[in-house]
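The values are calculated or read from the model by the stated rules, or taken from the named source; none is laboratory data. Everything numeric in this text was worked out from a predicted model, so none of it was measured. As a convention, Cβ positions derive from the backbone with ideal geometry for all residues, glycine included, and neighbour counts pool all protein chains shown.
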Amino acid sequence: MTWGDVTPVEVRSSPRVVAEALRSGRLPSDRVFDRFLPDELRAWSGQYWTPLVVAARAAEWLDQLNVQTVVDIGSGAGKFCVAAALLANARFIGIEQRLRLVEASRQLAGIFELNERIAFLHSTFGEAPMPKADAYFMYNPFGENLFGFQDRLDDDVELCGARYLRDVAAVEQLLRDASGGTFLLTYNGFGGALPADYREVRVDRELPSVLRMWRKMEKANLAPLAPGK
């Protein structure tokens, strides 16, 4: 993917140019996109925010499977929701426990004029009902609980091994309770085990980490589903 005749100066100054480049398949670098994030959040992008190439692949799969609503659990600075919304037809909801990240996410959605298709909710996972959706996305959202202090974003929220186990268990319960036909996308996993009635329908191992997509099968149709179907 290339930038063609688009200059770096134009890219830095124009969300429209970035959006058009994404939609035409000329994927910009993450550094270009991250310029629209607050300064203090850019440095964390490589560790915490979803790479554009991953959001692009996920968006492709979402449209192929006609997914209409997506909930991003642990949406961070909003990069996945915004980038995927520029490329897919679905509506997105981000769930994030840090208020400053929710505010940054809403600002990012506004920059790209996506407020009608994206909502960011300030909520701690497991403490409020999870919005119903056709698909859930997770970029290893609980791994920060296991990081050393120097690798954590801040100490504004509870982070510990017990919290990690509690959140992973809550996701496993969410997946068990989900309706048949619900999709799950994970990038670099989520730390838990999938219920037996989920079947892998997409996988990309050529990305920086593995992106996978599963579908919860109806009880009457639990035969393995071939990838790409």
Hits in segment 36-56 - residues which are aliphatic (A, V, I, L, M) and either in a loop (DSSP other than H, G, I, E, B) or in contact (Cβ under 8 Å) with a residue 60 or more places away in the chain (or both): 37, 41, 43, 53, 54
Cβ pairs under 8 Å, 6+ apart, first in segment 91-109 and farther than 13 Å from residue 124 by Cβ, second basic (Lys, Arg): 91/117; 92/117; 108/79
Selection status of residue 144, of a type in the set (D, E, K, R), more than 30 Å from residue 16 (Cα to Cα) and either under 15 Å from the mean Cα position of the chain (by Cα) or assigned by TED's automatic domain parsing to the domain that holds residue 168 (or both): yes
Subset of segment 184-221 that is touching a helix residue (DSSP H, G or I) at 6+ places or on another chain (Cβ under 8 Å), of a type in the set (Phe, Trp, Tyr) and touching a residue at least 24 places away in the same chain (Cβ under 8 Å) - its residue that is nearest to residue 126 (Cα to Cα): 190
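So, in segment 63-83, how many residues would count as being buried (at least 21 other Cβ atoms within 10 Å of the Cβ) and either without any contact (Cβ under 8 Å) to a residue 40 or more places away in the chain or over 23 Å from residue 16 (Cβ atoms) (or both)?
Of the residues in segment 63-83, 10 are buried (at least 21 other Cβ atoms within 10 Å of the Cβ) and either without any contact (Cβ under 8 Å) to a residue 40 or more places away in the chain or over 23 Å from residue 16 (Cβ atoms) (or both).
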Some residue of segment 20-39 being modelled with pLDDT of 95 or more, buried (at least 20 other Cβ atoms within 10 Å of the Cβ), within 19 Å of residue 111 (Cβ to Cβ) and small (Gly, Ala, Ser): no
Answer from 203, 210 - the residue that is under 24 Å from residue 87 (Cα atoms) and touching a Pro at 6+ places or on another chain (Cβ under 7 Å): 203
